[in-house]
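Below you'll find the structure, written out as structure tokens, and then a few comments.
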Amino acid sequence: VQLVESGGGLVQAGGSLRLSCAASGSTFSIIHMGWYRQAPGQQREFVARILSGGDTTNYAVSVKGRFTISRGIAKNTMYLQMNSLKPEDTAIYYCSARTPSVDYWGRGTQVTVSS
């Protein structure tokens with residue numbers, strides 16, 4: 001499975017961004033997909049997850065109510081709509097995909113929120 005993120009950038013506090021993750025390869029083996037982020041000097045942390053059926057989602061407390069995770073119609077694309085962005089949301093955002101045997105990761109996309 002290959003994952004490619006896009007949509008990051010620089011935005012002012014209170015603004016919005018939409019991240020995309022395109023999956024290719026053996027996507028039939030994916031159990032769920034999610035977003036993680038890593039700020040400078042910090043560990044990578046969970047942001048949001050969506051199960052393959054697309055009906056079940058989970059969010060970190062810090063983003064619940066502001067971020068929305070969704071899957072595309074083709075199911076091989078995932079999105080993260082980020083609203084009311086805060087400076088503390090600044091990080092590299094990574095797309096992940098879990099299969100029965102291994103977790104896959106994209107290379108990440110930078111999100112910078114200025115105050």
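The values are calculated or read from the model by the stated rules, or taken from the named source; none is laboratory data. The shown structure was predicted, so the numbers you read here are calculated from the model rather than taken from an experiment. With ideal geometry, Cβ positions are generated from the backbone for all residues, glycine too; neighbour counts draw on all protein chains shown. Side chains included, ligands, DNA and RNA excluded: accessible areas come from the protein's heavy atoms. Shrake-Rupley method; radii C 1.70, N 1.55, O 1.52, S 1.80 Å.
Among the residues of segment 73-92, write down those that are open to solvent by 10 Å² or more (accessible area, probe 1.4 Å) and either of a type in the set (Lys, Arg) or not in a strand (DSSP E or B) (or both).
Taking segment 73-92 and keeping what is open to solvent by 10 Å² or more (accessible area, probe 1.4 Å), we get 73-77, 79, 81, 83-84, 86-88, 90, 92.
Within segment 73-92, ILE73, ALA74, LYS75, ASN76, ASN83, SER84, LYS86, PRO87, GLU88, THR90 qualify.
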What are the residue pairs meeting all of these: first residue in segment 80-92, first residue more than 16 Å from SER115 (Cα to Cα) and in contact (Cβ under 8 Å) with a residue 60 or more places away in the chain, second residue basic (Lys, Arg) and open to solvent by 60 Å² or more (accessible area, probe 1.4 Å), Cβ atoms under 6 Å, and 6 or more apart or on different chains? GLN81/ARG18
I'd like the full set of residues that are open to solvent by 60 Å² or more (accessible area, probe 1.4 Å) and not charged (D, E, K, R), limited to segment 63-72. GLY65, THR68
Going through segment 29-57 in order, the residues found to be in contact (Cβ under 8 Å) with a residue 24 or more places away in the chain, open to solvent by 20 Å² or more (accessible area, probe 1.4 Å) and within 13 Å of ARG98 (Cβ to Cβ) are SER29, ILE31, HIS32, TYR36
Hey, any hits in segment 4-16 for a residue that's open to solvent by 20 Å² or more (accessible area, probe 1.4 Å), at pLDDT below 95 and in contact with a strand residue (DSSP E or B) (Cβ under 8 Å, 6 or more places away or on another chain)? no
Of the residues in segment 93-115, how many are in a strand (DSSP E or B), touching a residue at least 60 places away in the same chain (Cβ under 8 Å) and either under 23 Å from ASN76 (Cβ atoms) or not β-branched (Val, Ile, Thr) (or both)? 12
Restricted to segment 96-115 and to residues being in contact with a Lys or Arg (Cβ under 9 Å, 6 or more places away or on another chain) and buried (at least 17 other Cβ atoms within 10 Å of the Cβ), the residue modelled with the lowest pLDDT is ARG98
